[in-house]
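Only one structure is covered here, and it is reproduced in the block below.
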Amino acid sequence: MVKAFAVTLLPIILLGGTYRIAEPDVLSEVQNRQNRAVKEIERQSKREIDEIKKLKGEPLARAQKTFSYYVDPTYTLLEDIPRVDRNGNKIGVLYPKGYRFNPLDYIRIAPPPIIAFNACDKKEVELVKRLSSGRPDVMYASSGCEVEDFPKNIDRKLYLVTDEMKDRFDLKYTVSVVSVDMKAKRIKVEVYKTGN
């Protein structure tokens, strides 16, 4: 039976036409998709990098005089903080809504100072360098200057002034040095006039 089947197929195989495979080669299809994906990733990365370059810190006005002030960091809870057992079940209230606390009561060492300034203003950059000389722990936060315009000669990381920073430290002016007065349990903000 098998021989008869093979004998009848043999002429068809020998005399029949051959055809190209219609499906695309799997390897070339994978490579094409990979190339398209890489191009799309490159386009998206470039777009994101361009967006990052346009970011700038929240704007602050240039100080017209030198002065300092204190900010009370005391916080009032807006809602209850529940007491939770080991299984994650709420078993009461740990801190009630309206509870007030100063986070500085819970730290032993003051965090590093932050200097808020306009990184595109050469006079402010020079003042900041003088203020932070010998203080490698000082953090820089730029106000109103696009990332792509940051000067290249700043010797440390440069962050952006955020709305939260402005609100929490009551920041209004550049150059402002934000530090913690551990004895007073307050945040001290020193504002420096940089000239005209």
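The values are calculated or read from the model by the stated rules, or taken from the named source; none is laboratory data. Since we're looking at a predicted model, the values are computed, not measured. Neighbour counts run over all protein chains shown; Cβ positions are idealised from the backbone, glycine included.
Look at (1) modelled with pLDDT of 90 or more; (2) over 27 Å from Glu148 (Cα atoms) and you find that Asn35 fails only one, number (1).
Restricting attention to the range 134-169 and to residues that are part of a strand (DSSP E or B) and of a type outside the set (D, E, K, R), the residue that is farthest from Glu51 (Cα to Cα) turns out to be Met139.
Scanning the range 115-167 for residues being within 13 Å of Leu60 (Cβ to Cβ) and among the small types (Gly, Ala, Ser) gives a total of 6.
Under the condition of being part of a helix (DSSP H, G or I) and over 29 Å from Tyr159 (Cα atoms), the residues counted in the range 78-133 number 0.
The residues listed here are Lys97, Lys90, Lys46; of these, the one that is exposed (fewer than 12 other Cβ atoms within 10 Å of the Cβ), in contact with a strand residue (DSSP E or B) (Cβ under 6 Å, 6 or more places away or on another chain) and either in contact (Cβ under 8 Å) with a residue 24 or more places away in the chain or not aromatic (Phe, Trp, Tyr) (or both) is Lys90.
Taking every residue in the range 181-195 that is without any contact (Cβ under 8 Å) to a residue 12 or more places away in the chain and under 14 Å from Arg130 (Cα atoms) and pairing it with any residue that is crowded, with 20+ Cβ neighbours inside 10 Å and not aliphatic (A, V, I, L, M), at least 6 positions away or on another chain, yields no pair with a Cβ-Cβ distance below 8 Å.
One line per residue, one yes/no per condition, for (1) at pLDDT 85 or above; (2) under 30 Å from Val191 (Cβ atoms):
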{"residue": "Gly16", "(1), (2)": "no, no"}
{"residue": "Pro24", "(1), (2)": "no, no"}
{"residue": "Ser45", "(1), (2)": "yes, no"}
{"residue": "Asp50", "(1), (2)": "no, no"}
{"residue": "Gln64", "(1), (2)": "yes, yes"}
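Pro73 meets all of the listed conditions (1) without any contact (Cβ under 8 Å) to a residue 40 or more places away in the chain; (2) under 25 Å from Arg186 (Cβ atoms) but one, namely (1).
Are any of the residues in the range 72-84 in contact with a helix residue (DSSP H, G or I) (Cβ under 8 Å, 6 or more places away or on another chain) and at negative phi? Within the range 72-84 (the criterion being in contact with a helix residue (DSSP H, G or I) (Cβ under 8 Å, 6 or more places away or on another chain) and at negative phi), the answer is yes, since at least one residue qualifies. Scanning the range 52-61 for residues that are in contact with a strand residue (DSSP E or B) (Cβ under 6 Å, 6 or more places away or on another chain) and modelled with pLDDT of 90 or more yields Leu60, Ala61.
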